[in-house]
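A short worksheet on the structure shown next.
FYI, it's all coordinate maths here, none of it is from the lab. Just so it is clear, the model here is predicted, and its values are computed rather than measured. All Cβ positions, glycine included, derive from the backbone under ideal geometry; neighbour counts span all protein chains shown.
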Amino acid sequence: MTKKHLPSLKKWPYKWYGFWPPELLDENGNFDIEYYRNENWQCPNKDQIIKYLKSCNAVAGQASNIKCPECDIMLPRASYSYDNVWLWPDQLAHEVEAHNIVLPDNFVEHITKNNFTPPSRILHRNHEWPWPDSSKNA
Ligand SMILES: [Zn+2]
């Protein structure tokens, strides 16, 4: 099995994070989540970052839940948040908080610059958000 070269968290090239489109999967359709996990991650203001991830404006794709694959907690299915720059699935906060998933440096910097305060309103429509297939060259 060949291992894909995954984007570095030091310089994440996209404006989305936390879901893994085909270009990041290996030839068997698997994604190496371990690459993005680090239980020793030293993130300043991690609690505030997680709170930010949880409190941004969300759009729900489906009004149903799925079980976290790693624990038994129920998470929203196909539900995403957007802060006028970055896009992420709503289970990301749980993955960071409970499963040691590391955020890209530039995502953390962005949230810090926002003073851990979500935007009061969303300026773009859903189809203008940086979905993976539209942001390959971002
Ligand atoms: Zn979990």
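Taking one quarter of the surface of the convex hull spanned by the alpha-carbon atoms of segment 1-48 gives a direction-averaged projected area of 4.4 nm². Please list the three semi-axes, largest first and in whole Å, of the ellipsoid equivalent to segment 77-138, using sqrt of 5 times the eigenvalues of its alpha carbon gyration tensor. They are 19, 15, 13 Å, listed largest first. Out of every Cα pair in the chain, what percent are spaced more than 28 Å from each other? In whole percent, the long-distance tail amounts to 13. Its relative contact order, with pairs defined as Cα atoms under 8 Å and 6+ residues apart, puts the chain at 33 percent.
Along the axis of the charge dipole computed for segment 33-73 (Cβ charges of +1 for Lys and Arg, -1 for Asp and Glu, origin at the Cα centre), the listed residues Ile66, Trp41, Cys56 are led at the positive end by Cys56.
Taking 0.36 nm per residue of separation and subtracting the Cα-Cα distance, full extension of the segment from Ser64 to Ala98 would add 10.1 nm. When the GluC sites (Glu not before Pro) in segment 28-89 are filtered for DSSP coil states and for at most 13 other beta-carbon atoms within 10 Å of their beta-carbon, the remaining sites are Glu39, Glu70.
Of all DSSP beta bridges in the chain, what percent run antiparallel (nearest 5)?
Counting only bridges with both partners in the chain, antiparallel ones make up about 90 percent.
May I ask which of Lys10/Lys67; Lys15/Lys54; Lys10/Lys54; Lys46/Lys67 have a Cα-Cα span longer than 19 Å here? The answer is Lys10/Lys67; Lys10/Lys54; Lys46/Lys67.
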